[in-house]
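Undergrad: Sharing a structure, written as structure tokens. Questions coming.
Each value in this text was obtained by applying a stated rule to the coordinates, not by laboratory testing. In this text the structure is predicted, and so the values were computed from the model without any measurement. Methodologically, a virtual Cβ is constructed for each residue, glycine included, from the backbone with ideal geometry; neighbour enumeration extends over all protein chains shown.
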Amino acid sequence: MEFHFPLKKIPLTTDLNQKLEKLGFSPTFHRAVVDIILCDINSDEVLSTQAIFDTGAPFSMIPASFLKLFSPIHSISHSIWGIVNKPECHIKADLANITLMIQDPSGTKSPKISVPMVFADFENLPIILGMKGILDNPSIECKIQREILSLIFYEEEF
């Protein structure tokens, strides 16, 4: 089973555009946005949304307000941060094992995948599909080529 998602070009701020152009780079970033379906502990579909397929993020992330959709669920209190590990950059979160499916533009659903999901105590954040549970899953192959993200799901057990 193979899914393809076009990369979206995201414009940058004028200042960063000019700097990248001076270095000979395109003044845009490319992001893959995928449709995901999150499931509760009974494998029932509880949320269909879009997520940034973030190859630099170890964990998937969603606002904490969505945690109630998965109740009851076993979660562990955690603190997350980005590149800078300073107290003022930490966000309180809950970490839980979530089952999800990826849906391609035609509506075809992938097999179910287990990923560690961070429910961040911050509401104004993008939903992110991180790489833990994806890149380390031997049944999934990811490649980005010619502005297309391809996800290939093999028939082996997850």
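Undergrad: Quick check for me: using +1 on Lys/Arg Cβ and -1 on Asp/Glu Cβ, what's the dipole size of the chain about its Cα centre, in debye to the nearest 20?
TA: The calculated dipole for the chain is roughly 580 debye.
Undergrad: Same structure again: log₁₀ I(q)/I(0) of the chain at q = 0.13 Å⁻¹, via Debye over equal Cα point scatterers, no solvent, to two decimals?
TA: -0.68
Undergrad: Next question, about the same structure. What stretch of the chain, leaving out the sites themselves, is the longest with no GluC sites (Glu not before Pro) in a DSSP loop having at most 13 other Cβ atoms within 10 Å?
TA: Value returned for the longest uninterrupted segment is 1-122.
Undergrad: ³J(HN,Hα) across the stretch 141-155 via Karplus (A = 6.51, B = -1.76, C = 1.60, θ = phi - 60°), whole Hz, x for Gly/Pro?
TA: 10, 10, 8, 10, 8, 6, 6, 10, 8, 10, 10, 10, 9, 8, 7
Undergrad: Amide H of residue 53 versus every other amide H placed in the peptide plane: which residues, excluding those fewer than 5 positions away on the same chain, fall under 5 Å?
TA: Under 5 Å from the amide H of residue 53: 32, 33, 34, 129.
Undergrad: Counting helices only, and only those DSSP H runs with n ≥ 4, report the 222 nm mean residue ellipticity of the chain as the sum of -39,500 (n - 2.57) divided by its residues, in deg cm²/dmol to the nearest 500.
TA: So the calculated ellipticity at 222 nm is -1500 deg cm²/dmol.
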